[in-house]
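Here the structure is laid out as structure tokens; the discussion comes afterwards.
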């Protein structure tokens, strides 16, 4: 029988102040995004400035957590913390709000994944500070 | 769109190049590898350290924590530069520094430039990019650059036809170059077949091991000066940069861009227009090759073939030194190994070597011009950050 691969600890985010509301929200099972009310556009990942208007005018808004799969890759050479999951699916998701976000798709098998498939966000607690997002088929 | 071609007059030139062997886990530092390059350049040109008054370098992964890198290299090599610069546009830095050095020479900041690119990431990689990586990249489980290129390849295959045999043909052609390149990583100096490529291990689908570069240690560099000075010093083989265009963070503010569209759709046609050339005028192509698909996208977006026809073009075109479009004749980085952020120099130096007529065993006949590209940095959920295109002339 094959030896189980040795597992290293999964990387835990070290969030800057600008994305604190994002990680506060995930702890409550919510996905929030930065919104520029002047440009009427969302952006991802969180920053201390709007890349559309160049202003520090960003609001946090709760997102639907729904979207479609823009692209994907099935990882065969794992990164730290995923040694026992291979092969595993990573999605590049286009959310209904008009931003793209990368997420693990732990409940999708490699032969089930398809570009364009509808997806929805899910959450898993990594520790007391960080609850991380992933995507499931919708 | 750049309106003015600052390289049009051929008033600056490369008079010598240097390059170490590419090897794995040498135990050497970037300083030691850079010293090997510098010694080659001093030997070839008969210049002394006191003659160098301009220095341009890349920021090595192996020395990443040092934010004073170019000054440390100056001190290590005994140089007294009046223009001293580290460029950090990733794999675009080596070619980018040729353009930056040209401007420094034209501006009169210096008259003899040494460009030194050396890195040893297969001995030690001390990089930490910060920014979003800790929050939104590493915890997801995505396999670094192979993961990003997996997204790119799958999306391309959704929008266009992707014939993996075309990518395989490129892998085969570049390996043939590595076999003939004495500086290529020794274990790569054997030919492969398209089947070897198609059957190589999956890393992050659909990307395979033989789609990819491998980190190694090594260095390369060159001496540049004004053409007037080169002639007065008696240098005979001069290579001129004649057009250059770069773009960083292409489509930056867009949140849902087409990820198969790259900055080369800007910098490629731009460089050609500046030079007054068409793709068919380019005699040889030395594209930055971190992954095979990047070369294919450049062929399409610079204009060597139509959009969506890149893999068929690679499959049906003779890419050898005697072919229709010789590509990465020394193996490129995928064939010869990627000496970290000195990697862009592998493509660049091969172009210079070809234009000086010194590519023994793989020389393109009657070399007149070459196109070189640089790719820098993997951004979040896109293709790459910097796209640089240079045209060189003998």
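The values are calculated or read from the model by the stated rules, or taken from the named source; none is laboratory data. Keep in mind that this is a model prediction, so the values were computed, not measured. Neighbour counts are summed over all protein chains in view; Cβ atoms, including those assigned to glycine, are modelled from backbone coordinates with ideal geometry.
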Can you find, within the stretch B:264-302, the residue that is nearest to the other protein chains (Cβ to nearest Cβ) among those that are over 15 Å from the mean Cα position of the chain (by Cα), in contact (Cβ under 8 Å) with a residue 24 or more places away in the chain and assigned to a loop (DSSP other than H, G, I, E, B)?
B:282
Just for the stretch B:124-142: of the residues that are in contact (Cβ under 8 Å) with a residue 12 or more places away in the chain and surrounded by fewer than 22 Cβ atoms within 10 Å (Cβ to Cβ), which one is nearest to the other protein chains (Cβ to nearest Cβ)?
B:132
Find the helices (runs of 4 or more DSSP H) located wholly in the stretch B:310-394 whose residues include 2 or more that are surrounded by fewer than 24 Cβ atoms within 10 Å (Cβ to Cβ) and touching a helix residue (DSSP H, G or I) at 6+ places or on another chain (Cβ under 7 Å), and list them.
B:310-316
Being closer than 30 Å to residue B:267 by Cα, part of a loop (DSSP other than H, G, I, E, B) and either without any contact (Cβ under 8 Å) to a residue 24 or more places away in the chain or in the same structural domain as residue B:38 (by TED's automatic domain parsing) (or both) is the requirement here; does residue B:95 meet it?
no
For the stretch B:170-198, give me each residue that is outside any helix (DSSP H, G or I), in contact (Cβ under 8 Å) with a residue 60 or more places away in the chain and within 19 Å of residue B:321 (Cβ to Cβ).
B:180, B:181, B:182, B:183, B:184
Condition test on residue B:216, is it in contact (Cβ under 8 Å) with a residue 24 or more places away in the chain, more than 14 Å from chain A (Cβ to nearest Cβ) and over 25 Å from residue B:312 (Cα atoms)?
yes
Please determine whether any residue of the stretch A:34-44 is over 20 Å from residue A:94 (Cβ atoms) and in contact (Cβ under 8 Å) with a residue 24 or more places away in the chain.
no
Would you kindly identify the strands (runs of 3 or more DSSP E) lying entirely within the stretch B:201-250 that contain at least 1 residues that are at pLDDT 95 or above, assigned by TED's automatic domain parsing to the domain that holds residue B:163 and over 18 Å from the mean Cα position of the chain (by Cα)?
B:202-204
Taking residue A:7, is it within 30 Å of residue B:203 (Cβ to Cβ), out of contact with any strand residue (DSSP E or B) (no Cβ under 7 Å at 6 or more places or on another chain), without any contact (Cβ under 8 Å) to a residue 40 or more places away in the chain and more than 9 Å from chain B (Cβ to nearest Cβ)?
no
Could you pull out the residue among B:167, B:152 that is within 14 Å of another protein chain (Cβ to nearest Cβ), within 29 Å of residue B:89 (Cα to Cα) and in a helix (DSSP H, G or I)?
B:152
Does any residue of the stretch B:113-122 turn out to be within 14 Å of another protein chain (Cβ to nearest Cβ) and either within 30 Å of residue B:20 (Cβ to Cβ) or not in a loop (DSSP other than H, G, I, E, B) (or both)?
no
